[in-house]
Amino acid sequence: MKLVNAKDMIAKAYAGKYAIAHINTNNLEWTKAILEAAQENKAPIIIGVSEGACKYMGGYKTVADMTIDLMAHMNITVPVALHLDHGTYEGALAACDAGFTSVMFDGHHLDIAENLTKTEKVVAKAHPKNISVEAEIGSIGGEEDGVVGNGELADPKDAISITKLGIDFLAAGIGNIHGAYPANWKGLNLERLGEISKAANIGIVLHGGSGIPDGQVKEAIELGVAKVNVNTECQLSFAAATRKYIEANKDQQGKGFDPRKLFKPGSDAIKATIKEKLELFGSINKA
Ligand code: 13P
């Protein structure tokens with residue numbers, strides 16, 4: 001199956017009160033693990049790629065071509081969208097030309113007028129190419145790819161203005177944080193999520209999906225979250241499984257140092273983490 005945009009899968013999830021997993025990729029092994037997990041669980045999926053990860057992997061086109069070719073080689077039949085995560089204005093436009101089927105323009109750091117103007121321009125470039133668009137209001141706390149956010153709650157008035165531009169789904173700051181949640185974290189602001197969801201009337205994106213208690217994730221999905229972004233939990237499970245392999249000296253036994261063997265426990269661990277998320281988000285068998 002060819003890559004698709006994320007519009008239909010998110011709209012269906014929003015109507016059916018489940019969420020699509022957005023799993024960030026970091027390399028070829030990651031992308032293969034995401035595709036295998038989606039196919040095995042018959043779940044539509046979004047492969048998220050940050051600009052930093054794109055740079056690491058050799059640019060937008062390398063990432064798009066690799067994903068397209070892997071899907072053909074692996075006979076992937078579930079819907080898969082390739083999505084630029086936290087794109088800059090220039091990055092979002094470039095990803096539209098490189099084969100991505102979905103882009104996020106993250107203008108949360110701009111004043112709302114400029115965020116709206118640039119979001120509108122990204123929509124104007126993306127939609128004629130059948131590419132879905134995510135925008136952001138408020139901000140997600142924590143650090144991602146060197147970008148530090150303080151976690152400002154989104155304003156429902158901004159949700160109305162930005163959805164009028166025709167975006168397909170909306171990321172909103174509701175107390176969520178990228179990376180690990182601190183012990184004194186107050187939890188998601190579900191009341192604000194409800195207000196934003198009502199104002200936007202399209203699928204809401206929950207960033208910082210690693211480490212949120214399951215009950216809060218489920219409540220958030222009930223209130224209109226239709227896409228949950230997960231990165232850190234896959235990185236942690238990959239690292240833990242790789243550490244276990246090396247600490248058991250398996251890299252020193254036979255050809256255990258072969259990267260295809262060395263990466264196997266980590267890849268399997270990513271797949272297991274993704275499966276847990278698909279179960280939690282309710283997207284198994286929705287392809
Ligand atoms: P985590 O790394 O906290 O899972 O967040 C991922 C994310 O929101 C990507 O946009």
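The values are calculated or read from the model by the stated rules, or taken from the named source; none is laboratory data. Here the structure is a predicted model, which is why all the values come from computation and not from measurement. Here Cβ is always computed from backbone atoms with ideal geometry, including for glycine, and neighbour counts include all displayed protein chains. Calculation scope for accessible area: heavy atoms of the full protein, side chains included, ligands and nucleic acids excluded. Shrake-Rupley method; radii C 1.70, N 1.55, O 1.52, S 1.80 Å.
Just a few scattered comments:
- In a reduced charge model with +1 at each Lys and Arg Cβ and -1 at each Asp and Glu Cβ, the chain shows a dipole moment near 860 debye about its Cα centre.
- Using alpha-carbon coordinates, inclination of helix 28-40 to the longest axis of the chain, degrees: 80
- Its Cα gyration tensor gives the chain an equivalent ellipsoid, and the semi-axes of that ellipsoid, as √(5λ) in whole Å with the largest first, are 30, 21, 18.
- The relative contact order of the stretch 179-253, computed from alpha carbon pairs under 8 Å that lie at least 6 residues apart in sequence, is 33 percent.
- Label separation (Q216 vs A113): 3.6 nm, computed from points 7 Å beyond Cα along the C-beta direction.
- Probe 1.4 Å, protein heavy atoms only - accessible area per residue of the stretch 1-85 in square angstrom: 40
- Extreme residue, positive dipole direction of the stretch 81-172, given options A124, F105, S139 (C-beta unit charges): A124
- The residue among A269, G187, L84 whose Cα reaches farthest toward the positive pole of the charge dipole of the chain, with charges on the beta-carbon of Lys, Arg, Asp and Glu, is A269.
- Within the stretch 106-201, percent of DSSP bridges classed antiparallel, to nearest 5: 40
- Across the cross-link table entries K227/K277; K218/K286; K2/K61; K12/K129; K61/K125; K32/K271, which are compared at the Cα atoms, the separations over 19 Å belong to K12/K129.
- Rolling a 1.4 angstrom probe over the chain with all protein chains present gives an accessible area of which 53% lies on carbon and sulfur atoms.
- Dipole magnitude (debye, nearest 20) for the stretch 14-85, charges at Cβ of Lys, Arg, Asp, Glu: 180
- D97/L262 FRET efficiency (R0 41 Å; Cβ-Cβ; nearest 0.05): 0.70
- Longest DSSP-loop-exposure-free segment, trypsin sites (Lys or Arg not before Pro), the chain, at most 16 other Cβ within 10 Å: 43-163
- Remark: the stretch 142-287 carries 50 Å² of accessible area per residue (probe radius 1.4 Å; ligands, DNA and RNA excluded).
- A Cβ-based charge dipole, computed about the Cα centre of the stretch 140-275 with Lys and Arg at +1 and Asp and Glu at -1, lands at about 640 debye.
- All Cα pairs of the stretch 128-287, percent lying beyond 20 Å: 57
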